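Okay, structure first, notes after.
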Amino acid sequence: MQTGKTDLKTPNKICWMGVRGLGWHRLRHAIEAEVLLGTPPSIIVVHLGGNDLVNHFVWQIRNIMDREFRYIRTAFPTCLLIWVYILPRRLWSRADNVKAVDNKCKRINRLGRKLVLASGHGMCFLATFSKRTDSLGLTAFI
C-alpha cells in the first residue's frame with residue numbers, strides 16, 4: 001500500500017509493502033513489481049526469513065540471502081538497507097523440533113546483520129516486546 005505522503009517525520013515518501021508469507025525466493029519479484037513504474041526506494045527494510053526456516057537448510061537460506069542482498073545493492077546503490085531481526089516464536093508452523101528452528105533463526109539473524117552491514121550502507125534493528133507494558137522497542141545496531 002503506497003501512501004504517497006511523507007511519514008515518520010522523514011522527507012521520504014513511504015511505501016509499505018507487507019506481504020504475508022513472503023519468503024526469500026519471492027523477494028526480488030516483490031521489489032521489482034513494486035518499483036517497476038515508480039521511483040527507486042531510498043530505504044528498504046527487510047524483515048524476512050522466518051517462513052523459510054522450517055523448509056530450508058541454513059546454507060540454502062544463506063545463498064539466497066547473499067544473492068538477494070547483492071541484487072538490492074546493485075539495483076539500488078544509494079538506498080539505506082535495514083535488516084530487522086527475525087523474532088523468535090513459541091511455535092514454528094510445521095516444525096518438528098522448535099529448538100533446532102530457534103538455532104537456525106539465530107544463525108540467520110547473525111548472517112543478515114553481517115551481510116547488511118558489509119553492504120556499505122546498512123543498519124540492523126532488533127525488536128523487543130514487553131509483556132508487562134504491551135510495548136514494542138527497537139534497538140539499532142549500526
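The values are calculated or read from the model by the stated rules, or taken from the named source; none is laboratory data. Since the structure is predicted, the reported quantities are computational estimates derived from the model, not experimental observations. Here Cβ is always computed from backbone atoms with ideal geometry, including for glycine, and neighbour counts include all displayed protein chains. Side chains are part of the model used for accessible areas, which takes the heavy atoms of the whole protein and leaves out ligands, DNA and RNA. Shrake-Rupley method; radii C 1.70, N 1.55, O 1.52, S 1.80 Å.
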Can you spot a residue in the stretch 55-71 that is open to solvent by 30 Å² or more (accessible area, probe 1.4 Å), of a type in the set (K, R) and within 18 Å of F125 (Cβ to Cβ)? no
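Okay, residues lined up against (1) touching a Cys at 6+ places or on another chain (Cβ under 6 Å); (2) within 25 Å of F69 (Cα to Cα); (3) at pLDDT 90 or above:
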| residue | (1), (2), (3) |
| --- | --- |
| L87 | no, yes, no |
| S93 | no, no, no |
| C105 | no, yes, yes |
| G112 | no, yes, yes |
| T128 | no, yes, no |
| K131 | no, no, no |
| D134 | no, no, no |
| G137 | no, no, no |
| F141 | yes, yes, no |
Determine if the stretch 84-103 includes at least one residue that is under 18 Å from the mean Cα position of the chain (by Cα), surrounded by 14 or more Cβ atoms within 10 Å (Cβ to Cβ) and without any contact (Cβ under 8 Å) to a residue 24 or more places away in the chain. yes
Given the condition closer than 26 Å to G120 by Cβ, modelled with pLDDT of 85 or more and either open to solvent by 30 Å² or more (accessible area, probe 1.4 Å) or not acidic (D, E) (or both), answer yes or no: does some residue in the stretch 8-22 qualify? yes
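Criterion first (touching an Asp or Glu at 6+ places or on another chain (Cβ under 9 Å), without any contact (Cβ under 8 Å) to a residue 60 or more places away in the chain and part of a helix (DSSP H, G or I)) does L27 satisfy it? Please lay out each step first, then the result.
Numbers: touching an Asp or Glu at 6+ places or on another chain (Cβ under 9 Å): yes; without any contact (Cβ under 8 Å) to a residue 60 or more places away in the chain: yes; part of a helix (DSSP H, G or I): yes.
So L27 fits the description; yes.
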